Amino acid sequence: MARMPAPAADTQAKAPTPPGRAMRKAVWILLCLVALLVISLPTVLLLLFGMLPTIVAWVVDRSQQKYATFCVCGMNFSGVFPFLSDVWFKDHSTDAAVRILTNVFDLTVIYGTAAFGWMIFIAVPPVITQFISAMLQKRVATLREQQQKIIEEWGEGVFCCGCPRAGWCWGSARR
């Protein structure tokens, strides 16, 4: 008689992470953020205040997949990017970033695109659901037509199983 194989190593409980590892990761992230602030403060300012709707979407979205965050982030970044490129290629200064962030029309574009991301998140799923439902209904109608042709060709015995529960079998569902 063959022996059962030993369980794989990855199915066993994982060892807890060392206590200093999480702290080390946090320190590295903090160092990178400080370096980014020192090197590129205008970019960080524009991204921080321009991408606020994305941060809010990330906090509010409780789903595992974070679809709202992706919708809002994509549209929000498309609204921030033109102004970000102005800062990068024209005047890379804190004054230029603040000028963009205090201009009402620029903020309307940035936050308006984020609002459009929310509209996409809210409006598209029902449309897709209706589209899939219509496709499935068409498929059911096609299958029923094929089923009817098979019954006409082979007889009623193909469709009904002849079970004692004749009122419940598939033959009764057709009628």
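Since every read-out is calculated from the coordinates, none of them should be taken as a lab result. Predicted model, so just to flag it, every value in this text is computed and none were measured. No Cβ is skipped: glycine too gets one built from the backbone with ideal geometry, and neighbour counts run over all protein chains shown.
Our estimate of slack between I132 and R62, defined as 0.36 nm per intervening residue step minus the Cα-Cα distance, is 22.7 nm. Distance between the C-alpha centers of segment 33-60 and segment 61-135? Whole Å please. The distance from the Cα centre of segment 33-60 to that of segment 61-135 comes to 14 Å.
Between E145 and H92, the modelled label-to-label distance comes to 6.4 nm, taking each label 7 Å out from Cα in the direction of the beta carbon. Before anything else, pin down the relative contact order of segment 42-123: Cα pairs under 8 Å, at least 6 apart, normalised by residue count, whole percent. It rounds to 43 percent for segment 42-123. Once you have a ≥ b ≥ c as the square roots of the Cα gyration tensor eigenvalues for segment 56-95, tell me rounded if a/c is under 1.5, and otherwise prolate or oblate according to whether a/b is larger than b/c. In terms of gyration-tensor shape, prolate. Along segment 63-76 the Karplus relation, 6.51 cos²θ - 1.76 cosθ + 1.60 evaluated at θ = phi - 60°, assigns HN-Hα couplings of 6, 5, 7, 6, 5, 4, 4, 5, 4, 5, 5, x, 6, 5 Hz to successive residues, with x for each Gly and Pro. Take the Kirkwood radius over Cα pairs of segment 42-123, plug it into Stokes-Einstein at 25 °C and 0.890 mPa s, and you get 192 µm²/s for translational diffusion.
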